[in-house]
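In what follows, a structure is listed as structure tokens, so that the remarks can point back to it.
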Amino acid sequence: MVEAWVAHQVPQCGYCQSGQVMAATALLKQTPQPTEDDIAGAMVNLCRCGTYNAISAAVRQAAQA
Ligand code: FES
């Protein structure tokens, strides 16, 4: 997951990122091939920097690994 985060340069200020990575990891443990709706439904932690598109891309990449 962290490799996908780095590949998509997800973090901005970094404040929310540990929680985002944990939420993404939990999502893929429960749903290894998530849909966009699954990702949107699971990634509900707030990010003041608005990294949501990059988060979604990283989760999709991690799901394909
Ligand atoms: S990266 Fe800044 S709050 Fe999410």
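A short reminder: the numbers here are calculations on the coordinates, not readings from a lab. Bear in mind that the values here come from a model prediction, so they are computed numbers and not experimental data. Don't worry about glycine lacking a Cβ; one is built from the backbone with ideal geometry, like all the others, and counts go over all protein chains shown.
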**Message:** Just the residues that are away from the ligand (no atom under 14 Å from the Cβ) and farther than 19 Å from VAL2 by Cβ, please, taken from region 32-65.
**Reply:** GLN33, THR35, GLU36, ASP37, ASP38, ALA40, GLY41
**Message:** Report every pair of residues separated by at least 6 positions or lying on different chains whose Cβ atoms are under 7 Å apart, first residue within region 29-55 and free of Cβ contacts under 8 Å to residues at least 12 places away in the same chain, second within 9 Å of the ligand (Cβ to nearest atom) and in a loop (DSSP other than H, G, I, E, B).
**Reply:** none
**Fill in**
If we ask which residues in region 1-42 are farther than 16 Å from ALA57 by Cβ and of a type in the set (A, V, I, L, M, F, W, C), their number turns out to be 4
**Prompt:** What is the one condition in (1) free of Cβ contacts under 8 Å to residues at least 60 places away in the same chain; (2) on the phi < 0 side of the Ramachandran plot that GLY14 does not satisfy?
**Reply:** (2)
**Request:** Answer with yes or no whether VAL44 is buried (at least 16 other Cβ atoms within 10 Å of the Cβ) and among the β-branched types (Val, Ile, Thr).
**Result:** no
